Amino acid sequence: MEVHLSDDEKLFLITGAEANIRNDGRSCQDFRQIILERGVLSGTNGSCRVQLGQTTDVLAGIKLELESYDAETEKEPKQPINFNVDFSANASSQFAGKGGDEYAEELSAAFQAAYSKALDIMPNLAKTQLADGYRWKINVDISVLQWDGSVSDAISIAIIGALSDLEFPEGDVAPDDGGKVRIVLKRPKVAGNVRDENVQVAMWKLDVMRCPLLLTISKIGTANLVDCTPEEECCIRSQLLVGLAAIADSSENNEPNYDVTCVKQVGGGLLEMESIQEMLELAAKSVGGLYGALAKRLKNEEMRKPGHSFLL
Amino acid sequence: MDLNVKQSGIHSVALHTTYFQNRSGKVYKRAEERYLRNDLSCGLAQCGTCKDFGTNPLLKIENPVRNAKVGRHALIVDSTSLIRFYDLFDSSLLRDLIVTQTVWEGVKAKAVPAYKKMNSLCYEDAKDRFHVFMNEFHCETFSESSKFEDLSRGEELLLSTALYLKTHWQKHNVAPVVLVFDEDSKKRMENHYQHVMYLKEYIQNLEDPGKQALLDQMAAYESSGNGNEKQIFDEYLSHDRIMEGIASGTIKRGNFSVSRENYREATVIIDDQLTSWFITGNNCNRAVNGDTVAVQLLPEDQWTAPEKKIRLRDVEEYVKTADDMGNEDEENDDENDEPKAKKSKKMTVSTAKVVGIIKRNWREYCGMLLPSTVKGARRHLFCPAERLIPRIRIETEQAETLSQQRIVVAIDHWPRDSKYPLGHYVRSIGEMGSRETENEVLLLEHDIPHAPFSESVLDCLPREEWEPDLTENRGPLPRVDLRDLTICSVDPLGCTDIDDALHCKQIGEDLFEVGVHIADVTHFVRPGTAIDDEAALRGTTVYLCDRRIDMLPCLLSSNLCSLRGEEERYAFSCIWTMTSSADIQSVKYHKSLIKSKAALTYEKAQEIIDDPKEQNDVALGLRGLMKLSKVLNARRTGNGALTLASSEVRFDMDWESRTPKKVMEKQHLDTHSMVEEFMLLANISVAEKILEEYPDCALLRRHPVPLKESYKPLVEAARHRGFEIIVESGKGLADSLNRCVDKKNPMLNRLLRMLTTRCMTQAVYFSAGTVPVPQYQHFGLACAIYTHFTSPIRRYADVIVHRLLAAAIGADDIQSGLLNQARCTKICTNINYRHKQAQYAGRASVQLNVVRYFKGKVETCEGFVMGVRNNGIQVFVPKYGLESIIVLQTSAASGTTIDVEEMSVKVNGDVVIKELEPVTVRISVNEKNQQRPRVELQLIKPAIPGLSVDFDLSSSEGLGL
């Protein structure tokens, strides 16, 4: 979708935003409607689709890979998650051909940065380190199917959704030759009469409730906005990508606290320190609500009937 | 869409997710949609709902045999019962059986024989007694999540079928009965369902006298132990522990070599004194022939002795006609038998086990796929052409096409729980049985470089119209013009690479000048050139029956270097002056230009010598040579040189079709030994010269003195024939061998000499200075030092020796690297290897052609018993150099027994076959197996009851030995 606005239309949007009223009736810190579904791709180990507004449509799928590495040289556990964002050429005419590649790379790097402390953020992620020399590698592939603004917000939600959907097979460590080990899938039930493959493998899941959300905070006129529509994005002076993650011990003072895990300026324009401060504050204010809504949805979502892909 | 689905009998879709690991341990998720149906038949004849869905054989005829425990019933069997007692189900006492899909898959995956039985019972032989119930596709009986926490997945699926059928059949008053094998399984399932029984319990409660037969049958099976899979092999020690062990001496390293007679046995030579440790059975622990392994001695009470039994994989295959080779755990495989040799405690030898692999010697192997019995199977066993290599399991989708081809397979790894190493298909060589393919296999298997010479090699060649030039000199010593000498060469018929020529001239009263002239290859092959590198790599020319793979390009080997008659050629001459009693007065070496007067064959030379009318220079020279050679020979034999025998066979080839026409029996003429004597003399003289000049880098050839123990088979065999062999010295051995003459068995002497050859190790090239001087000796020839000088066209060692000699006498420069001991050792290692491989390839080629020769022919021949083993005799047919095994099945009924101690076969107590005795055998080609025609021997005389099948030790594919 390409949007062309006249100067008058832009002025209308800008003054509206400064008065805290956007043309779809939202206030500056309101999000559009978000639809989240998990388990949409049966071929992946975890998947999630997020639709935002009218509509930004993002699909995240996770593939697990059992990776062997040299335990001698790599003593410190490595961040096991890799992100790869891909813009479908159908998402918007600006992504046709190789149009989206640069932006996709930029976003992948941003997510990589936001999750650089993933081992601290997800308490049980260390479990992916199966044994000396073996670990799970988590490849998160994100497809942007349709673009209607605030892609990074949608992607960050989709990633959390997919990570929460992700199931790891439990592995038993079996001794192998020369002091090395081998990973064997843990099947709590014995086979008896059926082939091993048909016996279910024990699975475990990640605790994702502290995973970072990436919000785009845009400055239009003097106002700061979350979740901009494409029309609004035409009027943006400057934009910040802010990654926020909940802090572990926030229970003491009822007010949950959020850590800024990354800040990144997108697009042109200069920002004063003061404005950045304001924008970060807005991000921290709005992320609480989004976290709450997300947690509720992840808890209450009824899984789709198996066998139906999201295309049906 | 929904409507259509419903109409077609589909009830719902379940997403079925499984996780699995591939052979390298990677984890994969497989998600499939499973369409559950409501139109699958329960199989009951009376069932109204299912009557349109299938044949419904259950209870079509009311079961005539009542069971004390249950009323009207149908049986659901579990897979363990089917696998273990599949033969039982032939009985018509067991009727109304339901095989669930789960059980079907389970049996198919675990036991091929049981699967085949089950398949034929369900769909052919006993269609009316069996019903296959597709429980995993039935909407009522399949569920992804488990309902019974305490049951195994298999039991769960079995039980949900039983529960469904129970309600489904309620109004027909039929109860499904679950038959299980496992005790625990029964206990667990009884909590949820009332009719769970052991198979045995069910049969016991049958009200029919026929049940006793079934119970007896079951008892027989029960006693056969439950062959549990799990880990077959012990785990290897860690690298550090092996290194520690080697340092402390508890672990030794060595080369793993599998016995050629028994693939379950191997030896590892652990030190320089050739101490060998014996390894048997699972103690071989996944080592493959040629691997460098770490071995540890077992406690003495676990020591065993070699079985003295012939165990070849293909033999066992034919004997058992075991067709379940595609099966993972062949339950009735006697590879799991403990070697019986344990009983004979008194003969035990140091027995060890492999605790680790230091270096794998895995390469790519040629061979073929074993035919699989399960159609469309993906996993196959690959049978390498080399019989010392174990079978390899590979996965392929194209088994159909590959089954008719020779293929190349590489080993990937050998996990602890697998009986066979796992590998993968590399490429196909070609159609099985075609001459080109088989030759290619042979060359590849023996690692013989056989590609055409490259451009850069051919660029090194001189022009074809090369002319000798006496003025070109490479060193201070000039080339001598010997064109006026009466020189001639003596070679086999058809020889084109003539590398030696001789002359003899009387120069005084009782004084002769004798010259050996060797092709001057080093004049053309300069060091550091591409042609030299290539020759160094090839190391030797390889002679196959129908092909020669040259070390040097044809222009050199058959033309410019070949000392052809009446042509001027460069040579390297070694000229002695000696008396008529062959006392050498002086010796000189120089490069020369010669013109051979005649290129004779052995036969022609013999003719000339014997014909008194021939009085020309050539004839006189030859007679002089002959006279001197006899003196030399007598002196050499007097020193204790051995005359050894081997089974060399040559084919007269039809070169049009490249098929063997007939076997040429090698005739031994005096001229053979005449040439041989002078070549030996030249080699020895040159060896002395180069060693004197270069005591730490001369390339020599030595033949180690064999250990006394290694003569054991020979001494034993001779003792049984009433002869004594003295093994203390070479002279003693030679003399005692000469005494072994049996008038009744003229072949005996030759056979004993063959046995002697087998007791010895091969002669090897080495660099002077790398072993102690006393070990320089050549045992077989009984001389203190020896080298190879006389065949530079076909051996690279001679090329080096030529260069050394030329440098020593100043006929050529000393080229860089020539006097480097390390380099010399490196060259020796390579040419020793190439030399050995070339020999093996040559023999293999003979075997290959024996098979081709006997195609459609049958011949009765004399053979000799070379060995008696627990289960057969080894027979050698001298005419074809063929050595084969005839397997005898000894049984009390036939009265045939084999006495390994006495090396004889007895029928009713009378000795009918003894070692080294002649037997009459019929030779034919067995083409029963189209893929692997093999030469078959049948014992004709003496006739022995219980004689069974026979097998070709010299390898059905003509490879291996």
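The values are calculated or read from the model by the stated rules, or taken from the named source; none is laboratory data. Just so we're clear, the structure is a prediction, and the values are computed from it rather than from any experiment. Note: ideal-geometry Cβ built from the backbone for every residue, glycine included; neighbour counts use all protein chains shown.
Please enumerate the residues belonging to region B:96-110 that are in contact with a helix residue (DSSP H, G or I) (Cβ under 7 Å, 6 or more places away or on another chain), surrounded by 24 or more Cβ atoms within 10 Å (Cβ to Cβ) and in contact (Cβ under 8 Å) with a residue 60 or more places away in the chain. The one that is in contact with a helix residue (DSSP H, G or I) (Cβ under 7 Å, 6 or more places away or on another chain), surrounded by 24 or more Cβ atoms within 10 Å (Cβ to Cβ) and in contact (Cβ under 8 Å) with a residue 60 or more places away in the chain: B:100. When B:161, B:167 are checked against the criterion of being closer than 26 Å to residue B:67 by Cα, in contact (Cβ under 8 Å) with a residue 60 or more places away in the chain, assigned to a helix (DSSP H, G or I) and hydroxyl-bearing (Ser, Thr, Tyr), a single residue qualifies: B:161. Residues considered: A:109, A:89, A:104, A:113. Of these, the only one that is free of Cβ contacts under 8 Å to residues at least 12 places away in the same chain, within 23 Å of residue A:215 (Cβ to Cβ) and more than 14 Å from every other protein chain (Cβ to nearest Cβ) is A:109. Would you mind stating whether residue B:560 is surrounded by fewer than 22 Cβ atoms within 10 Å (Cβ to Cβ), in contact with a Pro (Cβ under 9 Å, 6 or more places away or on another chain) and farther than 19 Å from residue B:486 by Cα? Judged against the criteria, residue B:560 is not a match.
If you go through region B:780-808 and keep only what is modelled with pLDDT of 90 or more, not aliphatic (A, V, I, L, M) and not in a helix (DSSP H, G or I), you end up with B:786, B:787, B:788, B:789, B:790, B:791, B:792, B:794, B:795. Taking the criterion of being of a type in the set (A, V, I, L, M, F, W, C) and either crowded, with 18+ Cβ neighbours inside 10 Å or within 30 Å of residue B:885 (Cα to Cα) (or both), the residues of region B:242-261 that qualify are B:242, B:251, B:256, B:258. Give me the residue from region B:111-135 that is farther than 20 Å from residue B:57 by Cβ and either touching a residue at least 60 places away in the same chain (Cβ under 8 Å) or touching a Gly at 6+ places or on another chain (Cβ under 8 Å) (or both) and, out of that set, surrounded by the fewest Cβ atoms within 10 Å (Cβ to Cβ). That would be B:116. Residues in region B:232-282 that are among the acidic types (Asp, Glu) and within 14 Å of another protein chain (Cβ to nearest Cβ): B:234, B:235, B:240, B:244. Considering each residue of region B:161-186, count those that are within 51 Å of the chain's Cα centre (by Cα) and more than 13 Å from chain A (Cβ to nearest Cβ), and give that number. Residues flagged as within 51 Å of the chain's Cα centre (by Cα) and more than 13 Å from chain A (Cβ to nearest Cβ) within region B:161-186 amount to 0. Summed over region A:140-185, residues that are within 14 Å of another protein chain (Cβ to nearest Cβ) and within 22 Å of residue A:39 (Cβ to Cβ) total 7.
Taking the stated definitions as given, is residue B:403 in contact (Cβ under 8 Å) with a residue 60 or more places away in the chain and small (Gly, Ala, Ser)? It is true that residue B:403 is in contact (Cβ under 8 Å) with a residue 60 or more places away in the chain and small (Gly, Ala, Ser).
The sole residue among B:24, B:12 that is closer than 29 Å to residue B:109 by Cα and in a loop (DSSP other than H, G, I, E, B) is B:24.
Selection of region A:45-66 for residues being in contact with a helix residue (DSSP H, G or I) (Cβ under 8 Å, 6 or more places away or on another chain) and within 14 Å of chain B (Cβ to nearest Cβ) yields A:46, A:47, A:61, A:62. Regarding residue B:17, is this residue assigned to a strand (DSSP E or B), polar (S, T, N, Q), closer than 30 Å to residue B:416 by Cβ and outside the structural domain of residue B:423 (by the TED database)? When the stated conditions are applied, residue B:17 passes them.
So, in region B:382-402, exactly how many residues are at pLDDT 85 or above and closer than 25 Å to residue B:111 by Cα? Of the residues in that region, 8 qualify.
Answer with yes or no whether residue A:132 is touching a residue at least 24 places away in the same chain (Cβ under 8 Å), within 14 Å of chain B (Cβ to nearest Cβ) and out of contact with any helix residue (DSSP H, G or I) (no Cβ under 6 Å at 6 or more places or on another chain). In short, yes. Residues in region B:392-418 that are closer than 22 Å to residue B:287 by Cβ, of a type in the set (D, E, K, R) and crowded, with 17+ Cβ neighbours inside 10 Å: B:393, B:416.
Restricting to region B:5-39, and then to whatever is closer than 16 Å to residue B:137 by Cβ and in contact with a Ser or Thr (Cβ under 6 Å, 6 or more places away or on another chain), can you tell me which residue is modelled with the lowest pLDDT? Per the criteria, the residue is B:15.
Within region B:65-72, one or more residues are within 19 Å of residue B:164 (Cα to Cα), assigned by the TED database to the domain that holds residue B:194 and not aliphatic (A, V, I, L, M).
For region B:58-70, the criterion of being under 28 Å from residue B:182 (Cα atoms) and touching a helix residue (DSSP H, G or I) at 6+ places or on another chain (Cβ under 8 Å) is met by at least one residue.
Residues of region B:27-76 that are among the hydrophobic types (A, V, I, L, M, F, W, C), free of Cβ contacts under 8 Å to residues at least 24 places away in the same chain and not in a strand (DSSP E or B): B:45, B:50, B:53. Would a scan of region B:489-504 turn up a residue that is surrounded by 19 or more Cβ atoms within 10 Å (Cβ to Cβ), hydroxyl-bearing (Ser, Thr, Tyr) and out of contact with any Pro (no Cβ under 7 Å at 6 or more places or on another chain)? Yes: region B:489-504 contains one or more residues that are surrounded by 19 or more Cβ atoms within 10 Å (Cβ to Cβ), hydroxyl-bearing (Ser, Thr, Tyr) and out of contact with any Pro (no Cβ under 7 Å at 6 or more places or on another chain). If you go through region B:760-778 and pick out every residue that is more than 29 Å from the chain's Cα centre (by Cα) and closer than 19 Å to residue B:644 by Cβ, you end up with 2.
Residues being under 25 Å from residue B:624 (Cβ atoms) and either surrounded by 17 or more Cβ atoms within 10 Å (Cβ to Cβ) or of a type in the set (Gly, Ala, Ser) (or both): count how many of those fall in region B:670-699. Residues meeting the conditions: 17.
For region B:136-160, a tally of residues being among the polar types (S, T, N, Q) and either within 11 Å of another protein chain (Cβ to nearest Cβ) or surrounded by fewer than 19 Cβ atoms within 10 Å (Cβ to Cβ) (or both) returns 4.
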